[in-house]
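Take a look at the structure set out below.
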Amino acid sequence: MKILVFAEADNGAPVTSTLELLTKARALGDVEAAYVGSDVDAVAAAVGEYGATKLYTADSQGSLVGVVGASLIAAVIAVGQPDLVLFAQTYDGRDAVGRLSARIDRPVLTNGYSVTVDGDSVSIGAQVFGGRVLVETQFTGPTPHLAAIRPKSFVAEPSGGAAATIEQVDLGETGRSTEAKVLDHHVEEREGPKLEEATIVVSGGRGIGSAESYGPLVDELAQLLKGASGASRAIVDAGWVPYSKQVGQTGKTVKPKLYIALGISGATQHLVGMKGSDNIIAINKDAEAPIFSVADLGVVGDVQKVVPKLIEALKAKS
Amino acid sequence: MNILVCVKQIPDPATPGELTAEHTLKREAKLILDESDSFGVEMALQLVDKAGGGDVTLISVAPNGEVSGLRTALAMGAAKAVLVSDPSLSGSDSLSTAKVIAKAVERVGDADLLLTATESTDGYTGTIPAQVAELLDWPSLTFAKQVTIADGKVTIQRQTEAGYDVVEASLPAVVSVTAGVVEPRYPSFKGIMAAKNKPVDAVKPADLGLADDQVGWAGARQKITSVEQAPERQAGEKIEDDGTAFEAVVAYLEKLKVV
């Protein structure tokens, strides 16, 4: 089984979701990677360490890396024909797999949490209905098969392999797809770890009361615990916090050591994104809230009263 | 400025979802407008307003002839809709659906922009905006948290892990908008009454030049091999706050050695 992984990197280092895919892929077959961006030598060394033998690459020339990634992989497929191409279900991974799927007319299985290879057949497992039901789907058409896998589905482990051989690829015709240009990067200051990589996540929902309460309740507690802050879909929809903070089915999957849900009722939409956490604390006014069904410690109470006291007590301890 | 908006009609997300014997989502009860799409409808109405004129046209794909979700979006102010509906669509995957949408876009013609949500609430594959853009050979600007149009170009703030990127492309283009970017208006009584008489162009995939084997289960080229219940997580201790519950939380944090 020849597997190609769409690699993404941040400041010259592959992102964790890329390393997770490489780790899984090398257990299933021969692995190569495709990458669009800078620091190619550093990325080739890092993906090699996780099992990729070759790194196909192309310059983004200011276009969105996922969009260019689709053209890059289409060019690789034209000569190398991998059996399976794996993408992380990230912003750029979704651009890449969507574009590629239409370009080469292959279906894509998304939101995977498992990949099973049996001879020539490939199946992807996905969770539906908030993780209540697990569905296995098998590709029945011609290769290459395309799958997008949710971050945190596998554990990244290095294999100690040598740096991947770099191969620059000529993209050929990209049509109007590369007309969308990135004019500027805006980096927002963030204290503490990334949401998906944090060992502690504190998330807020409607129960925090208002957009203004997010900082003093959710961010403050997250910072005190050296964790990251997240959110339920309800307050993202309400415009209180950006989409990048959303935990759940249509947001991110997190699996921290500790997840603290503040004022979150626990719609299935949310539960699927966090119920894999090692430990869960929930604070919510409604004793019947579904979040309590997954909580190791549930506090039936007003977040706006409990959390300030908790923050005060933690500050007194430190 | 003519803007098309993809709107999906979905089962009420508050009710627990179920699969049919054919492994498709049960859609027996009344379908509603996916809340994710209300942001695109509102954005389209605002952009057309700013441009000083034009139409907002909805595109919806459904195996049955459902229009109630469409009527909600028409009541918000969209001018008309194209509804692609046929039993053959049942089982369609994201690429087949994108093919239908792209053909519907071509049927409407004369569009400057196609707005979508980042993903639907029920299927949430999250790939359709890029797939439709590729099929139309339009640029795709995804995960927008702000959208402006000027001088034949669309500029967005694209959500990233670190903050946002400013991304620009010439029109026509596909833009997917994140939830919460605008505050969707509630339909007025007048809007609801007017929506009843707004044109809905009901077509079948065949009318768009799509063969039966390009949509539905045939077009999806995949089969579901197993469906099972996930193991349930056990609930732990639950306490009522009497003013001192924070102490139990502190004790729990100490037990985990995180403080």
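The values are calculated or read from the model by the stated rules, or taken from the named source; none is laboratory data. Quick caveat, the model's predicted, so the values are computed rather than measured. Using ideal geometry, Cβ is built from the backbone for each residue, glycine included, and neighbour counts are taken over all protein chains shown. Note: areas computed on protein heavy atoms with side chains; ligands, DNA, RNA excluded. Shrake-Rupley method; radii C 1.70, N 1.55, O 1.52, S 1.80 Å.
Assorted remarks:
- Peptide B:116-129 shows a mean partner chain C-beta count of 6 within 10 Å per residue C-beta.
- At least 10 Å² of accessible area lost relative to the chain alone, listed for segment A:202-251 with a 1.4 Å probe: A:Leu225, A:Arg233, A:Val236, A:Asp237, A:Gly239, A:Pro242, A:Tyr243, A:Ser244, A:Gln249, A:Thr250
- When chain B is treated as a Gaussian network with alpha carbon springs shorter than 10 Å, the biggest mean-square fluctuation among B:Ala202, B:Ala29, B:Ala162 belongs to B:Ala162.
- Computed on protein heavy atoms with a 1.4 Å probe, the accessible areas place B:Met1, A:Met274 in the order B:Met1, A:Met274, largest first.
- Sequentially through segment A:250-257, phi angles give Karplus couplings (6.51, -1.76, 1.60; θ = phi - 60°) of 8, x, 9, 9, 10, 9, x, 5 Hz, Gly and Pro residues having no value and appearing as x.
- Of all DSSP-defined beta bridges confined to chain B, some 40% are antiparallel rather than parallel.
- Threshold 20 Å² - residues in segment A:80-108 whose accessible area is reduced by that much or more when the chain is no longer isolated, probe 1.4 Å: A:Tyr91, A:Arg94, A:Asp95, A:Gly98, A:Arg99, A:Ser101, A:Ala102, A:Arg103, A:Asp105, A:Pro107, A:Val108
- Ranked by the mean number of other Cβ atoms within 10 Å of their residues, highest first, the peptides A:159-165, B:224-230, A:36-42 come out as A:36-42, A:159-165, B:224-230.
- Within straight-line reach of B:Lys26, meaning a Cα separation under 17 Å, sit the following lysines at least 8 residues removed in sequence or on another chain: B:Lys8.
- Taking the 1.4 Å solvent-accessible surface of segment A:1-160 as the whole, the part contributed by carbon and sulfur is 46%.
- Using a Förster distance of 22 Å, the FRET efficiency for B:Lys238-A:Asp278 (Cβ separation, nearest 0.05): 0.75
- Angle of helix A:91-104 to the longest C-alpha principal axis of chain A, folded into 0 to 90 degrees and rounded to 10: 40°.
- Most mobile listed residue (B:Pro172, B:Pro187, B:Pro231) in chain B, GNM with C-alpha springs under 10 Å: B:Pro231
- Counting DSSP beta bridges with both ends in the protein assembly as shown, the antiparallel % (nearest 5): 40 percent
- Modelled this way, with points 7 Å down the Cα-to-C-beta line, the labels at B:Arg185 and B:Glu35 are 2.1 nm from one another.
- Highest mean packing first, where packing is the average number of other Cβ atoms within 10 Å per residue, the peptides B:248-256, B:47-55 line up as B:248-256, B:47-55.
- 3J(HN,Hα) along segment B:122-131, derived from phi through the Karplus expression 6.51 cos²θ - 1.76 cosθ + 1.60 where θ = phi - 60°, amounts to 8, x, 6, 5, x, 10, 4, x, 5, 5 Hz, with x in place of Gly and Pro.
- Each DSSP beta bridge with both residues in segment A:1-71 is either parallel or antiparallel, and the antiparallel ones are about 15%.
- Compared with the direct C-alpha span, the chain from A:Glu288 to A:Ile166 gains 38.3 nm at full extension, assuming 0.36 nm per residue.
- Gained length - A:Arg206 relative to A:Ser38, 0.36 nm times residue gap less alpha-carbon distance: 56.4 nm
- Surface share of carbon and sulfur [accessible, 1.4 angstrom probe, percent] for chain B: 50 percent
- Helix B:245-255 and the longest principal axis of the Cα set of chain B meet at an angle near 80°.
- Acute angle (nearest 10 degrees) that the helix A:16-28 long axis makes with the longest principal axis of chain A, alpha-carbon atoms: 50 degrees
- Sites B:Asp110 and A:Glu197, calculated FRET efficiency, Cβ-Cβ separation with R0 56 Å, nearest 0.05: 0.75
- Average accessible surface for the protein assembly as shown: 39 Å² per residue, computed with a 1.4 Å probe over protein heavy atoms with every protein chain in place.
- Largest mean-square fluctuation among A:Lys255, A:Lys194, A:Lys305, in a Gaussian network model of chain A whose springs join Cα atoms under 10 Å apart, belongs to A:Lys305.
- Placing a pseudo-label 7 Å from each Cα along the Cα-to-Cβ vector at B:Glu18 and A:Lys226 gives an inter-label distance of 4.9 nm.
- For segment A:13-68 versus segment B:104-181, the inter-centroid distance based on Cα atoms is 26 Å.
- MRE, 222 nm, helices only [DSSP H, n ≥ 4, -39500 (n - 2.57), over chain B, to nearest 500]: -8500 deg cm²/dmol
- Spin-label pair B:Ala251-B:Asp212: with each label point 7 Å from Cα along the Cα-Cβ axis, the two points sit 6.7 nm from one another.
- Taking every C-alpha pair closer than 8 Å and separated by at least 6 residues, the mean separation divided by the residue count of chain B gives a relative contact order of 22 percent.
- Pairs over the 28 Å Cα-Cα cut-off, from the set A:Lys194/B:Lys50; A:Lys24/A:Lys181; B:Lys80/B:Lys145: A:Lys194/B:Lys50; A:Lys24/A:Lys181.
- Chain A shape via C-alpha gyration tensor axes, a/c threshold 1.5: prolate
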